[in-house]
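The next block holds one structure in the form of structure tokens; read it before the comments.
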Amino acid sequence: MKYVSNLVCINCGKRYHPEPERYLCPDCGDRGLLEVEYNYKKIKKDWSKEALEEDRNYNIWRYLPLLPVESDTPRPPLRVGWTPLYQNEKLAAELGLKNIYLKDDGLNPTGSLKDRASALAVVKAREARASTVACSSTGNAASSLAGNIASMGGRMKAVIFVPERAPAGKVTQLLIYGARVVSVRGSYEEAYYLSDTAIKRWGWYNRNAAINPYLVEGKKTVALELAEQFNWQMPDWLTFSVGDGCTIAGAWKGLHDLKEIGFIDRIPRLLGVQAEGCAPITRSFKTGEPLKVTTEDTLADSIAVGNPRNYRKAINGIRYSGGEMVNVSDDEILEMMRLLGRTTGIFGEPAGVAGLAGVRKMVNRGLIKRNDRVVAVITGNGLKDIKNAQRAAGKILEVKPDIEELNRLFLEEGVLNEEEKI
Ligand SMILES: *Cc1c(COP(=O)(O)O)cnc(C)c1O
Ligand SMILES: [Zn+2]
């Protein structure tokens, strides 16, 4: 790792050698989240926007100087990253904005932004000489790990701990990728602690995002890409939905790195969006009080995290950027799934569109101005969660196999107008 200098504790500032299995600061325990430090001077000397422009590798590894991996460690062959950025006038008009940009991270290989972190986890596991990687998750962290491990061609194994209530659809994706899935009779907390104990007992690699400092570095590639796709002219606002807080913290880290090496001169304001039924980070952000664990009452399961472990990095990042936080209701999320789908052709899962629902709210409150350039990252694909999508979807038309009947129905439903009718 030519450009990584240290891991630094965000609580006490102590520095550590960047070993692949260094997760937390031993002096600070759970508060001692570590951050990867780079030698920006050296990167600046060796790397340029022009060099990047010539690189035909359109995936996260094009940003290698800013990633904490050895250049020769085998990587999962799945194409992670370089997801498309769209501008959409129709949606912008619906939101009361001049410009809205959407980055569709649901187009990653396993259908969510989490692939960016899991690809890093697989590489770090190889560097730690671990062939088994474990995590506890009901959702995208697990499926992305399982998929990226599977792509290594049988050389590695994924062990996933899920709580009993895990949705069948998401568990199916894990099993199809060949992961070992352990259903823990108990809560998410209990599943988490069992995975932690098993990881220590058997020396597996730990892909629990909140405590593994390398995973945030994978997630930051979404911001690196955005900057490059915007030709380094950064927009005014960048929004993400927030669960554990690693994604938005990663985005902040990526923007900070780019500013330090002189690729961008301005960092957009970050808008973090939580679900009304589970918003411990928004509460702590607004009140300045320590985090209070909450219930998890939202259909946006990927951001239903009552006890987030990475909220300090998230809150710091949003603050430094001059950003904001806001909550949205489940109804607002469902409405946004419909609006996004029919104006853009992008199908997002509930957590995938929550950020955009937050944008709408902030425009209505006047905090985001009509002329601001706003980017929303759609973090997960809607096909992952058909049950909730059905609640957002309209109804289908039923008809006997008869053209006259169809004609009548179309008129009734406004599908045809008077001139078009037979
Ligand atoms: C994990 C996830 C998020 C939130 O990321 P955190 O790091 O937990 O804040 C948002 N959307 C989707 C689809 C996710 O899977
Ligand atoms: Zn510390």
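Put a dot 7 Å past the Cα of N39, heading toward its Cβ, do the same for L416, and the two dots end up 7.4 nm apart.
Here is the list for segment 330-422: GluC sites (Glu not before Pro) lying in DSSP coil, each with at most 16 other C-beta atoms within 10 angstrom of its C-beta, are E398, E413, E418, E419, E420.
Among the trypsin sites (Lys or Arg not before Pro) in segment 34-75, those located in a DSSP loop and surrounded by at most 15 other Cβ atoms within 10 Å of their own Cβ are R56.
The angle between the Cα long axis of helix 350-364 and the main principal axis of the chain comes to about 70°, on a 0 to 90 degree scale. The modelled label-to-label distance between D331 and K2, using points 7 Å beyond Cα along the C-beta direction, is 5.6 nm.
Mean separation of Cα pairs under 8 Å and 6 or more residues apart, divided by the residue count, gives the chain a relative contact order of 16 percent.
I'd like to know how segment 155-291 sits against the 2.2 N^0.38 Å rule of thumb: what's its Cα Rg over that expected value? That works out to 1.27 for segment 155-291. Against the chain, whose longest principal axis is taken from its Cα atoms, helix 246-260 shows a tilt of about 70°.
Measuring between alpha carbons in the structure, the pairs from K259/K361; K42/K253; K157/K313 lying more than 26 angstrom apart are K259/K361; K157/K313.
Expressed as a fraction of 2.2 N^0.38 Å, the value expected for a compact globular protein of N residues, the C-alpha radius of gyration of the chain is 1.00. Tally the DSSP beta bridges in the chain and give the antiparallel ones as a percent, rounded to 5. So the antiparallel bridges in the chain amount to around 30 percent.
Remark: segment 11-23, residue by residue, has Karplus-estimated 3J(HN,Hα) of 9, 10, x, 5, 10, 9, 5, x, 6, x, 9, 8, 9 Hz, where x stands for each Gly or Pro and the curve is 6.51 cos²θ - 1.76 cosθ + 1.60 at θ = phi - 60°. Relative to the longest principal axis of the Cα atoms of the chain, the long axis of helix 140-150 makes an angle of roughly 70 degrees. Once the C-beta distance of T172 and K90 is scaled by a Förster radius of 45 Å, the resulting FRET efficiency is 0.85 to the nearest 0.05.
Placing +1 on the Cβ of every Lys and Arg and -1 on the Cβ of every Asp and Glu, with no other charges, gives the chain a dipole of roughly 1580 debye about its Cα centre. Among residues other than E21 with Cβ under 14 Å from its Cβ, the summed charge is +3 (Lys and Arg +1, Asp and Glu -1).
The tail of the calculated P(r) for segment 93-222, taken as Cα-Cα distances beyond 18 Å, holds 52 percent of the pairs.
Readers should treat all values here as calculations from the given coordinates under stated rules, not as data from a laboratory. Owing to the predicted nature of the structure, the values given are computational and were not obtained by experimental measurement. Because the Cβ atoms are built from the backbone with ideal geometry, glycine has one as well, and the counts that use them run over all protein chains shown.
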